[in-house]
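To keep things clear, I will list the structure first and then write my remarks on it.
None of the figures in this text is laboratory data; all of them are computed from the coordinates on show. Since this is a predicted model, take the numbers as computed values, not measurements. Here the Cβ positions follow ideal geometry from the backbone for every residue, glycine too, while neighbour counts run over all protein chains shown.
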Amino acid sequence: MTTRHIAENSIQAAEGTSNVSQAIAKVSASASETGLAVEQVQLSSARLTGESSRLSKDISDFLERIRAA
């Protein structure tokens, strides 16, 4: 193997390493975005659960008033 081949292989290896590093950075950014989206869904779910409980109680109270009338 000549020095030229060694240099070319070194350049190709460096380019491959750079591509892998860029791909890892993209995956990391996507994972962070996904984590934020999950947090937002969890908050929305908790709010909906609370609203559902309040609505259920309001309906029960309303029906009790109708029955009592």
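Below is a table of values for the structure above.
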{"read-out": "Unmet requirement for Q42, which otherwise passes all of (1) over 14 Å from the mean Cα position of the chain (by Cα); (2) surrounded by 10 or more Cβ atoms within 10 Å (Cβ to Cβ)", "value": "(1)"}
{"read-out": "Test: residue in the range 4-16 that is within 24 Å of the chain's Cα centre (by Cα) and of a type in the set (S, T, Y)", "value": "no"}
